[in-house]
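The numbers here are math on the coordinates, done by the rules we state, and not lab data. Model, not experiment: these values are computed from the prediction. Neighbour counts are summed over all protein chains in view; Cβ atoms, including those assigned to glycine, are modelled from backbone coordinates with ideal geometry.
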Amino acid sequence: MHSSLSPSSVTDILEVDDLHVDFELPRGRLHAVRGASFSLGSGESLGIVGESGSGKSVTSRAIMGLLPATTARVKARTLRYGQHDLLDAPERVMRRLRGGEIAMIYQDPMRALNPIMRVGDQVAEAIRAHEPSLGRKELSTRVVGLLDAVRIPDANKRIRLYPHQLSGGMRQRIVIAMALAANPSILIADEPTTSLDVTVQAEILDLLGDLQEERGMGMILVTHDLGVAAWHTNRIMVMYAGRGVEHATTADLFEDMRMPYTRALFDSIPRVDMPPGSLLKSVEGRPVDPSNPPPGCAFRERCHLAVEICGTTAPPRRQVGSHWWDCWDDQEEKSVK
Amino acid sequence: MTISPGAAASPPDTPPTPLLETTGLTQTFRLPTGAEVQAVSDVSFVLHRGETLGLVGESGCGKSTTVRTILQAPPPTAGTVTFGGIELTTTPPRQLRRLRRRMQLVFQDPHASMNPRWTVRDCIAEPLQVHRVGTSSSRNDRVHELMDLVGLDEGYLTSRPGSLSGGQCQRVAIARALALDPDLICFDEAVSALDVSIQAQILNLIARLRADLELTSIFIAHDLAVVKLVSDRIGVMYLGKLCEIGPAESLYRSPRHPYTKALLSAIPKPDPRHPDRLRRVNLRGELPSPTDPPSGCRFRTRCDRADERCSLDVPPLQTISPGHQVACHYPLSASAPVEMTPLPTRRANGVVGQSPTR
Ligand SMILES: Nc1ncnc2c1ncn2[C@@H]1O[C@H](COP(=O)(O)OP(=O)(O)OP(=O)(O)O)[C@@H](O)[C@H]1O
Ligand SMILES: Nc1ncnc2c1ncn2[C@@H]1O[C@H](COP(=O)(O)OP(=O)(O)OP(=O)(O)O)[C@@H](O)[C@H]1O
Ligand SMILES: [Mg+2]
Ligand SMILES: [Mg+2]
C-alpha cells in the first residue's frame, strides 16, 4: 500500500530534525544543543545517551516546551508532535500537550512530589487535572488502579502515606503513576533511576519497559549509561557536546559502534565480568566548552583515531539504513551491510 | 613532605596485625516514635593493611552506619573496633580526635562537603591547618603535590567548588582526604553520583592511588560491578547483618548466600544481546521494616530456601573456605555459579590492564 514510505515514517508521532538550542546568557551565548535528529513511533522507545552536559535534558525540555522563554533560542528543521508544530504552538496548546499527551519524569522523585501531601491525593490531583468532572468514588478507583499499574502492593493502604514514609523505589513508582494519569502517548524519562539503588533500578526500568509495551506508549529514556539504554530501548541516539553523533537501532548499535565516542562510552562502564583491579578504558580529558565549541569534530581531542582534518572540518554524516554516525574515519564503512 | 603508606608498619618478625578489626559491631538507633532500629547488627570483620573491603547491599542495609560506627561517630551500641592495635570504643575523646586524622571519609556529594566560599586550595589545605601540620609554605607545597596526585590542573587552585564539575570536585575531596596520609580511607558512594565517563576516570584514579600509596580502604557503592573493580574482598549486608564476606573474585563467581546471588543476578548487563535478563532471580516481597526485622535469619522472608530453622536460629557467620564466610543455614554449593560469562565483543572489551601487584 505505502511501499514508498518506510514503516516508521508512517506512524512517527514525534519528529525532531536538526534541533538547535542556544542560551543567551549575560556572559555570552551557550550552544547547548547543536544538531539532534530522531523520530519516535508510537509504541517505540528511544534512548538518548551521552555524558553530563551533552544536551540530553535540554533536548527533552525543548520537546516539552519547558525551556526558559527569556534565554532559550530553539531552532529546528522540524519539531513536530502529531499534527502540532512544537516550534510555534501557542503556550495554551503546549500546556495541554504537556499535561496530557507528553509526560515527563525526572531523576529525583522527591522533587516531583509534595512532601506534605499524601501520595494518594497527589495521584488524584494528577488525574483530576485532565478529568475535572470525575466523581469522588470514581477518582479513588482510578488512583488505586494506577498504583496497581505501577505494581505498588497494598495500594489501598499506601495512598494514605506521605512521600518520606516510602522507599525511593516506591516514590519513583508514585511519580510514574502520576505521569501515566492522563494516558500520555509519549513518556519522557530523564535519568529515572539514577538516584535509586541497584535492585530497585532494575525493577523500575523493567516497569517502565512493561508499561511502555502494555500501553503502546512512545518512550524517550534519557541516560548517561549506555548499559541502561541497552535493555530498554529500540533505538539509541548518542549525543556528544550538544550533537547527535550516532543513531541506530539498539541491536545495530551494539553490533557495530561506529563513532569512536560511542565505543568509549561503552568501554567506561564497569562490567561484573572484569577481574578486580582492572582499569577502565576511560575517556580522558574534558568535555568541550559549550560557549565555544571548536571547529571540526568536537570529540577529536579525546579521540584516538583523530587526524588533522578532524580539527578543521565538521565530519561527514555516514548512513547505512537507519544507522548514521558522524566521523571522518571510514576504514570500516565497507564492512557494514 | 612525601606520601608514605601506613604510618606505623609493624616490625617484620611479628605476625601482621590487621589495621582494623570489628567484633560484634552493633548500632541501635531509637526513633522519635520510640521504635528501635538495629542499623548494624553483630558485624565482625578484619581489614589488613593495603587491602580494600567493598561493602554492598540494598539501600538502608547499614553500609554507611557501619563505616560511621567504626569512626566512632557515633560510637557503637555494642561490640569493639580495634584500629592499629588501639581499642577505639574505650579511647578518651581527646585521643580519639587525634586518631581520627588517620581515618578519612569521602562522600557521595562532594559539593555538600565543601564550603562554597573557599578556593580549591583552602579546601585541600584545611585538614593540614586544623591539625597544624607544617608551615604555611610546606602546606602550600603539599597542596600542589596532592593536586598533582589526583590529576587536578594547578589552574584550579583558586577556583570555587561551585564552578567545578562533579568529577573535579570529587578529585578535590580525595586530595583533601589524602592530605594527612591517613591509614584508612572510607569511600561512601564516592562515585555513585558521577556519570559513567567521569566515574571511570575516578575509579581509575582510586585504583592508581591504591597501588601507589598502598591505601587501606572501605569502599561502598550500590553498583556491584564498580565495587568488584576496586575491592580485594567484599562484604554483603542485609538489614544490618553481614551475610557473606569473601574474596571479590570468588564471591562473584560463586556466591554462597542466596541473597548475594539475588543481588548479583539483578545487575543489568550493558549489552542487549546478553541472555541474562530472563534468568534474573527476583527478590520476592519487599524489604521488611528495619524496626521489626524477621526473627532468625533476617533474609528468610524473601528466600526460597528458608524453612522453620531459619525463623528460629540466627545463622552465625561461618568460614566456608579460606577467607570466605557466610551466614546461612543452607548455603549454596560452590558449584552453582551466577552466569556472568563475558560476551564475545568485536573489539577489545574495556580491560586495558591489571593493577600492579601489591
Ligand atoms: N536553563 C539553562 N540556562 C543556561 N544553560 C543551560 C540551561 N539548561 C542547561 N544549560 C546548559 O546546557 C548544556 C546542556 O545541558 P543538559 O542539562 O541538557 O545536559 P545533560 O546532557 O542533561 O547532562 P546531565 O547528564 O548532567 O543531566 C550544559 O552546558 C548546561 O549547563
Ligand atoms: N541517625 C539515624 N537515626 C535513626 N535511624 C538511622 C540513622 N541513621 C541510619 N538509620 C537507619 O539505619 C538503617 C541503615 O542506614 P544506612 O544509612 O547505614 O544504610 P545504607 O546501607 O548506607 O543505605 P544507602 O545505600 O541508602 O546509603 C536504615 O534503616 C536507616 O533508616
Ligand atoms: Mg540531564
Ligand atoms: Mg549509605
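Please determine, by comparing only the residues of region A:163-189 that are touching a helix residue (DSSP H, G or I) at 6+ places or on another chain (Cβ under 7 Å), away from chain B (no Cβ under 13 Å) and not hydrophobic (A, V, I, L, M, F, W, C), which one is nearest to ligand 2 (Cβ to nearest atom).
Residue satisfying both the conditions and the ranking: A:P163.
Scan region B:153-189 for residues that are more than 14 Å from every other protein chain (Cβ to nearest Cβ) and assigned to a loop (DSSP other than H, G, I, E, B) and jot them down.
Residues satisfying the conditions are B:L157, B:T158, B:R160, B:A179, B:L180, B:D181, B:P182, B:D183.
Working only within region A:27-50, note down all residues that are of a type in the set (K, R) and crowded, with 19+ Cβ neighbours inside 10 Å.
The one that is of a type in the set (K, R) and crowded, with 19+ Cβ neighbours inside 10 Å: A:R34.
Residues are listed down the side, and each one gets a yes or a no for (1) more than 16 Å from ligand 1 (Cβ to nearest atom); (2) away from every other protein chain (no Cβ under 14 Å); (3) part of a loop (DSSP other than H, G, I, E, B):
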position: A:V21; (1), (2), (3): no, yes, no
position: A:R29; (1), (2), (3): no, yes, no
position: A:A32; (1), (2), (3): no, yes, no
position: A:A36; (1), (2), (3): no, yes, no
position: A:S39; (1), (2), (3): yes, yes, no
position: A:E51; (1), (2), (3): no, no, yes
position: A:L67; (1), (2), (3): no, yes, yes
position: A:V93; (1), (2), (3): yes, yes, no
position: A:Q107; (1), (2), (3): no, no, yes
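Can you tell me which residue is nearest to the chain's Cα centre (by Cα) among those in region A:69-91 that are more than 10 Å from ligand 1 (Cβ to nearest atom) and either at positive phi or among the aliphatic types (A, V, I, L, M) (or both)?
The residue in question is A:L79.
Just to check your reading of the model, which residue among A:V200, A:V143 is surrounded by 17 or more Cβ atoms within 10 Å (Cβ to Cβ) and within 16 Å of ligand 4 (Cβ to nearest atom)?
A:V200
Considering each of B:Q104, B:Q72 in turn, give the residue that is crowded, with 17+ Cβ neighbours inside 10 Å and touching a Pro at 6+ places or on another chain (Cβ under 6 Å).
B:Q104
Which strands (runs of 3 or more DSSP E) sit wholly inside region B:206-249 and have at least 2 residues that are crowded, with 24+ Cβ neighbours inside 10 Å and within 15 Å of ligand 4 (Cβ to nearest atom)?
B:216-220, B:233-238
Quick check on my filter: what residues within region A:282-300 are assigned to a loop (DSSP other than H, G, I, E, B) and either more than 26 Å from A:R73 (Cβ to Cβ) or without any contact (Cβ under 8 Å) to a residue 40 or more places away in the chain (or both)?
A:S282, A:V283, A:E284, A:G285, A:R286, A:D289, A:N292, A:P294, A:P295, A:G296, A:C297
Return the total of residues in region B:204-255 being facing chain A (nearest Cβ under 7 Å) and either hydroxyl-bearing (S, T, Y) or in contact (Cβ under 8 Å) with a residue 24 or more places away in the chain (or both).
12
Could you list, ordered by first residue, the pairs with Cβ atoms under 7 Å in which the first is in region A:242-259 and facing another protein chain (nearest Cβ under 8 Å) and the second is of a type in the set (D, E) and surrounded by fewer than 24 Cβ atoms within 10 Å (Cβ to Cβ), at least 6 apart or interchain?
These pairs meet every condition: A:F254/B:D271.
Does A:D12 satisfy the condition of being away from ligand 1 (no atom under 16 Å from the Cβ) and either closer than 30 Å to B:G167 by Cα or without any contact (Cβ under 8 Å) to a residue 60 or more places away in the chain (or both)?
yes
Looking at region A:256-271, is at least one residue β-branched (V, I, T), in contact with a Leu (Cβ under 9 Å, 6 or more places away or on another chain) and under 24 Å from A:D17 (Cβ atoms)?
yes
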